[in-house]
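Novice: Provided herewith is a single structure, encoded as structure tokens, for subsequent inquiry.
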């Protein structure tokens, strides 16, 4: 059984706090991908976007440390961001084969239905398909 961390826990407003929360979020994303738990993945992705938006809103020099410790804190932040990048790349590697499989399935369906086969949001055949002869009734 996978232990899930709450998504609503606010991280520290400092860069290290946000990065730590992002690392946890990427770990949650990885578990959801491996478990193919898509409802959980949707929650995690929404949380990840919130964290990324929060990080993007911070000034570039913000590292959440006192002035005298700025160099050490900057080095820690760079190392942490490198770790975040590696986790994100790992998750992308897990996701890539699934995305490729889905693209292949969609291409197969499109070729089986013909070039003009398009579906509307409600699942009905669109006008483009009907105009090409696929939607005529006798």
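Novice: All but one of (1) at pLDDT below 95; (2) surrounded by 11 or more Cβ atoms within 10 Å (Cβ to Cβ) hold for residue 97; which doesn't?
Specialist: Going through (1) at pLDDT below 95; (2) surrounded by 11 or more Cβ atoms within 10 Å (Cβ to Cβ) one by one, residue 97 breaks only (2).
Novice: Return yes when residue 66 is modelled with pLDDT under 90, within 22 Å of residue 25 (Cα to Cα) and loosely packed, with under 11 Cβ neighbours inside 10 Å and no when it is not. I'd like the intermediate steps shown before the answer.
Specialist: Numbers: modelled with pLDDT under 90: yes; within 22 Å of residue 25 (Cα to Cα): no; loosely packed, with under 11 Cβ neighbours inside 10 Å: yes.
Against the criterion (modelled with pLDDT under 90, within 22 Å of residue 25 (Cα to Cα) and loosely packed, with under 11 Cβ neighbours inside 10 Å), residue 66 does not qualify.
Novice: May I ask you to verify whether residue 26 is at pLDDT below 95, outside any loop (DSSP other than H, G, I, E, B) and closer than 21 Å to residue 99 by Cβ? Lay out the reasoning, then the answer.
Specialist: On the way: at pLDDT below 95: no; outside any loop (DSSP other than H, G, I, E, B): yes; closer than 21 Å to residue 99 by Cβ: yes.
No; evaluated as a whole, the condition is false for this residue.
Novice: Does residue 71 count as at pLDDT below 70, surrounded by fewer than 11 Cβ atoms within 10 Å (Cβ to Cβ), at negative phi and in a helix (DSSP H, G or I)? Talk me through it step by step, then tell me what you get.
Specialist: Numbers: at pLDDT below 70: yes; surrounded by fewer than 11 Cβ atoms within 10 Å (Cβ to Cβ): yes; at negative phi: yes; in a helix (DSSP H, G or I): yes.
When the stated conditions are applied, residue 71 passes them.
Novice: Moving to a separate point now. Would you check if there is a residue in region 119-134 being exposed (fewer than 11 other Cβ atoms within 10 Å of the Cβ), part of a helix (DSSP H, G or I) and either over 29 Å from the mean Cα position of the chain (by Cα) or modelled with pLDDT of 65 or more (or both)?
Specialist: No: zero hits.
Novice: Report every pair of residues separated by at least 6 positions or lying on different chains whose Cβ atoms are under 6 Å apart, first residue within region 75-101 and over 14 Å from residue 24 (Cβ atoms), second at pLDDT below 90 and assigned to a helix (DSSP H, G or I).
Specialist: Once the first residue is over 14 Å from residue 24 (Cβ atoms) and sits in region 75-101, its partners that are at pLDDT below 90 and assigned to a helix (DSSP H, G or I) give 77/15.
Novice: Given the conditions (1) modelled with pLDDT under 85; (2) within 19 Å of residue 21 (Cβ to Cβ), and given that residue 85 satisfies all but one, which numbered condition is not satisfied?
Specialist: Exception for residue 85: condition (1).
The values are calculated or read from the model by the stated rules, or taken from the named source; none is laboratory data. Quick caveat, the model's predicted, so the values are computed rather than measured. Glycine gets a Cβ as well: all are built from the backbone with ideal geometry, and neighbour counts include every protein chain shown.
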